[in-house]
Amino acid sequence: MNTVLSRANSLFAFSLSVMAALTFGCFITTAFKDRRVPVDIRVSKVMLKNVDDFTGPRERSDLGFVTFDLSADLQPVFDWNVKQLFLYLSAEYATRTNSLNQVVLWDKIVLRGENTKLNLRDMKSKYFFFDDGNGLRANKNITLSLSWNVVPNAGILPLVAGSGHVSLPFPDAYETAKSY
């Protein structure tokens with residue numbers, strides 16, 4: 001009455017259902033965990049240049065350079081359901097034309113088993129800190145914050161903001177030096 005193929009199909013369907021239930025159980029054990037940790041960000045150097053911008057209709061745009069120190073202990077974030085963290089340092093600021101500007105300045109991937117204590121000194125931004133126009137000059141409230149995406153074995157990808165940030169003013173005048 002039951003062929004080998006129908007019995008194999010039933011066994012496969014049952015096994016798949018059990019694995020789905022176990023995966024959901026794995027996800028629910030860490031779904032509500034608070035993954036925020038204290039982050040210490042210090043800025044040691046801020047420089048501003050006015051450079052040619054060939055991407056839009058404006059002739060010149062602001063280009064910022066930031067040198068920063070970053071320290072955080074990410075060990076409490078890692079548990080059995082975390083494969084890796086995607087860290088990124090972002091800058092947020094407001095200009096006359098836009099109420100919110102966000103720029104990613106630096107990023108790093110931390111894998112499970114690697115050193116989770118960050119103690120970075122004199123780091124330069126990895127990506128350009130461009131503003132479309134002149135919104136960085138004399139801007140007194142640019143906020144740097146570290147955030148991370150948790151890449152789990154099972155479940156959703158939460159976006160977590162660190163519990164520390166720093167606000168810094170940009171200079172009123174442009175640098176004319178050629179090097180950073």
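The values are calculated or read from the model by the stated rules, or taken from the named source; none is laboratory data. It should be emphasised that the depicted structure is a prediction, and the values quoted were computed from it without experimental measurement. Note that each Cβ is placed from the backbone with ideal geometry, even for glycine, and that neighbours are counted across all protein chains shown. Areas reflect the complete protein model, heavy atoms only, side chains present, ligands, DNA and RNA absent. Shrake-Rupley method; radii C 1.70, N 1.55, O 1.52, S 1.80 Å.
Quick notes
- Accessible-area composition of the chain, carbon plus sulfur, in percent [1.4 Å probe]: 57 percent
- Potential lengthening of the chain between Ile156 and Phe14 amounts to 48.7 nm, from the contour at 0.36 nm per residue minus the alpha-carbon distance.
- GNM flexibility winner over the chain from Val150, Val160, Val51 (Cα, springs under 10 Å): Val51
- Cβ crowding within 10 Å averaged over residues, with 102-108, 139-145 ranked highest first: 139-145, 102-108
- Relative to the dominant Cα principal axis of the chain, helix 4-30 is inclined by about 40°.
- Counting only protein heavy atoms and a 1.4 Å probe, the chain has 62 square angstrom of accessible area per residue.
- Within the chain, helix-based [θ] at 222 nm, where runs of 4 or more DSSP H residues each add -39,500 (n - 2.57), nearest 500: -5500 deg cm²/dmol
- Fluctuation leader among Phe14, Phe27, Phe129 - the chain, Gaussian network, Cα springs under 10 angstrom: Phe14
- Measuring between their Cα centroids, the range 112-180 and the range 61-80 lie 7 Å from each other.
- The Ala21 and Glu114 beta-carbon pair, evaluated with R₀ = 41 Å, returns a calculated FRET efficiency of approximately 0.80.
- Calculated P(r) of the chain - Cα pairs past 24 Å, %: 52 percent
- Entries in Lys49/Lys117; Lys33/Lys124; Lys117/Lys140; Lys33/Lys140; Lys45/Lys140 that, when Cα-Cα distance is taken, lie over 24 Å: Lys49/Lys117; Lys33/Lys124; Lys117/Lys140; Lys33/Lys140
- Each residue of the range 158-172 was assigned a 3J(HN,Hα) from its phi angle through the Karplus curve 6.51 cos²θ - 1.76 cosθ + 1.60 (θ = phi - 60°); the sequence is x, 9, 10, 9, x, 8, x, 8, 9, 10, 9, x, 9, x, 7 Hz, with glycine and proline shown as x.
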